Every structure is written in structure tokens, then in C-alpha cells.
Amino acid sequence: RAVAIGDCCLFHLDNAKPGMRVVQAFPVSRSADFGSTPFLVGSKAAAGGPPAAHRKLAEGSLRPDDFLLFASDALAAWLLWRAEDERPAWRWVTAEVADKPAFENLVTQARADGWRNDDVTLVRVRFRG
């Protein structure tokens with residue numbers, strides 16, 4: 001189960017052979033759906049009302065060797081855009097981004113593709129079952 005507020009994304013990736021596929025992208029599933037003013041939880045009351053009114057819920061089941069990726073908005077938008085453009089980067093971020101230089105290369109490529117210069121976070125979890 002996952003709960004989201006804001007526009008960082010959780011990607012559930014099925015690592016079954018022959019290829020990797022997205023089981024779910026949550027809470028944003030299309031690159032065009034990213035905006036510049038998502039609801040965020042701050043230390044002061046927000047104009048948009050209580051945070052609970054903005055939460056989104058998802059749930060699913062993991063199989064052995066599935067991946068969960070947690071990506072900040074700019075990286076998540078780029079990953080979705082690559083998939084929509086039929087140039088998915090899922091294998092790249094799950095297999096090849098294993099150290100700081102590889103991560104910096106990923107960020108450089110995303111920015112070279114025109115995605116905004118923003119903070120970038122990626123957490124990768126592989127379910128071993």
C-alpha cells in the first residue's frame with residue numbers, strides 16, 4: 001500500500017522476462033500531468049485545505065525480482081516521458097545506475113533531453129520475495 005501527497009512518484013516495475021514493464025505509476029502516470037504547483041505538506045496550514053483531502057491511495061502485490069522506484073518529480077516526469085516516447089529507461093535505472101557517477105550521468109541525460117533543472121532523488125528497491 002502507498003499513500004501520496006504531492007508529485008513524487010512510485011513506480012512498480014515487473015522485472016519478468018523478456019522485458020520490464022510498468023505495473024503502476026503513482027500518483028502521476030503521464031509526463032504531461034506534472035505541474036508546477038502540487039499540493040505539499042508544509043509546516044503551516046495550506047490554502048488548499050487539510051492534507052488528508054489531497055492524499056491518494058494505491059495498493060498492489062509484488063512478485064520476486066519486481067522493483068519499486070521512488071523518484072522526485074523532475075526525474076519521474078522524465079522517466080514517464082521516455083516510456084511514452086518508446087525509449088524507456090527502466091533497465092537503465094534498475095541495473096546500470098549503481099554509483100554516484102552513473103546517477104550523475106542519468107541526471108545529465110535527463111537535463112539534456114530538456115527536463116527542468118530541479119532537485120533529483122531516486123530510491124530503488126528490489127523485492128526478493
Carbon/sulfur accessible area of region 62-123, % of total, 1.4 Å probe, equals 51
The answer for the net charge of residues other than Leu80 whose Cβ lies under 13 angstrom from its Cβ, with Lys and Arg +1 and Asp and Glu -1, is -4
The FRET efficiency for Asp118 and Asp65, from their Cβ-Cβ distance with R0 = 30 Å and rounded to 0.05, is 0.45
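The values are calculated or read from the model by the stated rules, or taken from the named source; none is laboratory data. Values in this document were obtained by computation on a predicted structure and should not be read as measured data. Cβ atoms come from the backbone with ideal geometry, glycine included; neighbour counts cover every protein chain shown. In case anyone asks, the SASA skips ligands and DNA or RNA and just uses the protein heavy atoms, side chains included. Shrake-Rupley method; radii C 1.70, N 1.55, O 1.52, S 1.80 Å.
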